[in-house]
Amino acid sequence: MIDPIKILGICGSIRANSFNLTTLTTAAESAPDGVTIDIFSRMPEIPPFNQDMEADPPEVVKGLKKHIRQCDAILIATPEYNYSLPGVLKNALDWTSRPLSQNPWDGKLAAIMGASESAIGTARAQSHLRQIFVYLNVITFPQPEVIIADADDKFDEAGHLIDGQT
């Protein structure tokens, strides 16, 4: 019997009606047999990174680091803010990767996707995230690129993904 594949879903947005959270939820609901996607839901609780606390981080950070260590792969859905990834996502990466000698990201497999109302979606945010992952030694899948542009046309008012092609 093959062990199930455990994927940790991380949303780079803390907005209540986030297109990216909906995208992650849709991925979790659409996962094939033998694959589970557990979405980390405590992103809003992570405080701003403080290097003075890196040796003994807050419990929410310890929990996220544990989830990262225990999963087989990571799936990140991120919006794009000011041509880059959101501060909440960068903050979570800073907390969880420190100290570098205890980096749970080291050697993990990751896929990146994102949804945005802009015409070019989240291409630049995803590019910046890939740059960070090089330093953290995260192996990212180059394809398929999942960039959902014009997201306001691809989700209904309740936040459900309605675009069949997407």
Can you give me the angle between helix 19-30 and the longest principal axis of the chain, using Cα atoms only, in degrees from 0 to 90, rounded to the nearest 10? 90 degrees
Long-range amide H contacts for Ile5: which residues qualify at under 5 Å (H placed 1.01 Å from N, peptide plane, sequence gap of 5 or more or a different chain)? Val35, Thr36
Per residue convex hull volume, Cα only, the stretch 2-103, in Å³ is 107 Å³
Using alpha-carbon pairs under 8 Å, 6+ residues apart, how would you state the relative contact order of the chain in percent? 24 percent
Reduced to Cα centres, the span from the stretch 1-51 to the stretch 78-115 in Å works out to 13 Å
Summing +1 for each Lys or Arg and -1 for each Asp or Glu, what net charge is found among the other residues whose Cβ lies under 14 Å from the Cβ of Ala77? -2
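Scaled to the compact-protein estimate 2.2 N^0.38 Å, what is the alpha-carbon radius of gyration of the stretch 95-166, rounded to two decimal places?
In units of the 2.2 N^0.38 Å rule of thumb, it is 1.35.
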Long-range HN-HN contacts of Thr78 with modeled amide H, under 5 Å: Gly12, Met113, Gly114, Ala115
Can you tell me the convex hull volume per residue for the stretch 33-166, based on C-alpha atoms, in Å³ to the nearest whole number? 131 Å³
Computed [θ] at 222 nm, deg cm²/dmol, the chain (DSSP H ≥ 4; -39,500 (n - 2.57); rounded to nearest 500): -9000 deg cm²/dmol
Ordering 153-164, 97-108, 119-130 by per-residue average of other C-beta atoms within 10 angstrom, highest first, gives 119-130, 97-108, 153-164
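Out of the total accessible area of the chain (probe 1.4 Å, heavy atoms of protein only), what percent is carbon and sulfur?
52 percent
The values are calculated or read from the model by the stated rules, or taken from the named source; none is laboratory data. Worth saying up front: this structure is predicted, and the values here are computed from it rather than measured. A quick note on method: Cβ atoms are made from the backbone with ideal geometry, for glycine too, and the neighbour counts reach across all protein chains shown. For accessibility, only protein heavy atoms count, side chains too; no ligands or nucleic acids. Shrake-Rupley method; radii C 1.70, N 1.55, O 1.52, S 1.80 Å.
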